[in-house]
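J.: First, the structure itself, so that you have it in front of you.
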Amino acid sequence: MPASSVIEVRPPVLDASSEPPPLFDGTTRLYTNFQCPFAQRVWITRNYKGLQDKIKLVPIDLANRPAWYKEKVYPENKVPALEHNNKIIGESLDLVRYLDDHFEGPALLPNDPAKREVAEELLTYTDTFNKTVLTSFKGDAKKESGAAFDHLESALQKFEGPFFLGEISLVDFAYIPFVERYQTFLHEVFGYDILSGRPKLTTWIEELNKIDAYTQTKADPEYYVPLYKKRIMGL
């Protein structure tokens, strides 16, 4: 069973004034940011697999990054990144797979070839999904983002069960950080309810909100709603 009920105290965020941890000392570290949806994918996966004691969270202030992070840890200077076995691995979708392949805990991709194929299709579609929704914020948000949410609604009908592959998987963790933000933003700014007429998507979100491994990672709307307004809409 996943150790998803573990209540974790969030460690302090490291900024430009912070000293680095003892790098490459054998500790496995997940460099993250508590507001970043890409990092949240990996954070959820870590939690669901019950790796809270094996992978240490190291939150980075992306607005005031420590110089040592780029110089000594990850030259890309972004999150998420994983320090494991004296190397650094980046990119959120690569990392969720890496955690699933290299660490203990419940397997998060099924062996069934049909489900594997759907999983790959959906993981590939995440970039298109995000681009479509984010671009819609500058136009007719309801009309332009609707097709992306309809795609998810359709995908959730392929297998029996509330999740994309029937049972919970990396696919769910790849989408929920973004859907949670878009749901709130579209409702608050445009009055658009993405769940209206989408019962499968409604159930999917309801079921994920029963999982502590996810709910403990949820972002603060008071941060990301103004951020989207400023960065994407210029408000």
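The values are calculated or read from the model by the stated rules, or taken from the named source; none is laboratory data. What you see is a predicted model; the values in this text were computed from it and never measured. Every residue, glycine as well, gets a Cβ built from its backbone with ideal geometry; the counts of neighbours run over all protein chains shown.
J.: When the residues of segment 176-205 are filtered to those that are among the acidic types (Asp, Glu) and touching a residue at least 24 places away in the same chain (Cβ under 8 Å), which remaining residue is nearest to residue 122 (Cα to Cα)?
T.: Applying the first criterion (among the acidic types (Asp, Glu)) to segment 176-205 yields 180, 188, 193.
Cutting the leftovers down to touching a residue at least 24 places away in the same chain (Cβ under 8 Å) gives us 180, 188.
On the way: 180: 17, 188: 27 Å.
So the residue we want is 180.
J.: Still on this structure: Which helices (runs of 4 or more DSSP H) sit wholly inside segment 110-213 and have at least 2 residues that are aromatic (Phe, Trp, Tyr)?
T.: Working: elements: 113-136, 141-155, 170-190, 199-208.
Correct list: 113-136, 170-190.
J.: Applying the selection to segment 214-226, what residues are part of a helix (DSSP H, G or I), modelled with pLDDT of 95 or more and of a type outside the set (S, T, N, Q)?
T.: First, pick out the residues of segment 214-226 that are part of a helix (DSSP H, G or I): 214-215, 221-226.
If we keep only those that are modelled with pLDDT of 95 or more as well, we get 214-215.
Hit for segment 214-226 is 214, nothing else.
J.: When segment 203-228 is examined, which residues are found to be polar (S, T, N, Q) and out of contact with any helix residue (DSSP H, G or I) (no Cβ under 9 Å at 6 or more places or on another chain)? First the steps, then the outcome.
T.: Taking segment 203-228 and keeping what is polar (S, T, N, Q), we get 203, 209, 215-217.
Once the filter is applied, which keeps residues that are polar (S, T, N, Q) and out of contact with any helix residue (DSSP H, G or I) (no Cβ under 9 Å at 6 or more places or on another chain), segment 203-228 yields only 203.
J.: Moving on to the next point. For residues that are over 13 Å from residue 176 (Cβ atoms) and over 8 Å from the mean Cα position of the chain (by Cα), tally how many sit in segment 29-59.
T.: 19
J.: Another question about this same structure. Spot the failing condition for residue 98; the list is (1) assigned by TED's automatic domain parsing to the domain that holds residue 164; (2) part of a helix (DSSP H, G or I); (3) over 18 Å from residue 167 (Cα atoms), and only one is missed.
T.: The single condition residue 98 does not satisfy is (1).
J.: Here's something else I'd like to know. Could you grab the pairs with beta carbons closer than 7 Å, sequence gap of 6+ or different chains, first residue in segment 32-53 and outside any helix (DSSP H, G or I), second one among the hydroxyl-bearing types (Ser, Thr, Tyr)?
T.: What qualifies is 35/223; 35/224.
J.: Checking the conditions here, which among 62, 82 is in contact with a helix residue (DSSP H, G or I) (Cβ under 8 Å, 6 or more places away or on another chain) and either hydrophobic (A, V, I, L, M, F, W, C) or part of a loop (DSSP other than H, G, I, E, B) (or both)? Outline the logic, then answer.
T.: Numbers: 62 fails: in contact with a helix residue (DSSP H, G or I) (Cβ under 8 Å, 6 or more places away or on another chain).
Going through 62, 82 in turn, the sole match is 82.
J.: Can residue 62 be described as touching a Lys or Arg at 6+ places or on another chain (Cβ under 9 Å), outside the structural domain of residue 119 (by TED's automatic domain parsing), without any contact (Cβ under 8 Å) to a residue 40 or more places away in the chain and of a type outside the set (S, T, N, Q)? Outline the logic, then answer.
T.: Details: touching a Lys or Arg at 6+ places or on another chain (Cβ under 9 Å): yes; outside the structural domain of residue 119 (by TED's automatic domain parsing): yes; without any contact (Cβ under 8 Å) to a residue 40 or more places away in the chain: yes; of a type outside the set (S, T, N, Q): yes.
Answer is yes for this residue.
J.: Got at least one residue in segment 127-140 being of a type outside the set (Val, Ile, Thr), buried (at least 20 other Cβ atoms within 10 Å of the Cβ), within 30 Å of residue 229 (Cβ to Cβ) and not assigned by TED's automatic domain parsing to the domain that holds residue 173?
T.: no
J.: Checking the conditions here, which among 130, 209 is farther than 23 Å from residue 94 by Cα and within 19 Å of the chain's Cα centre (by Cα)?
T.: 209
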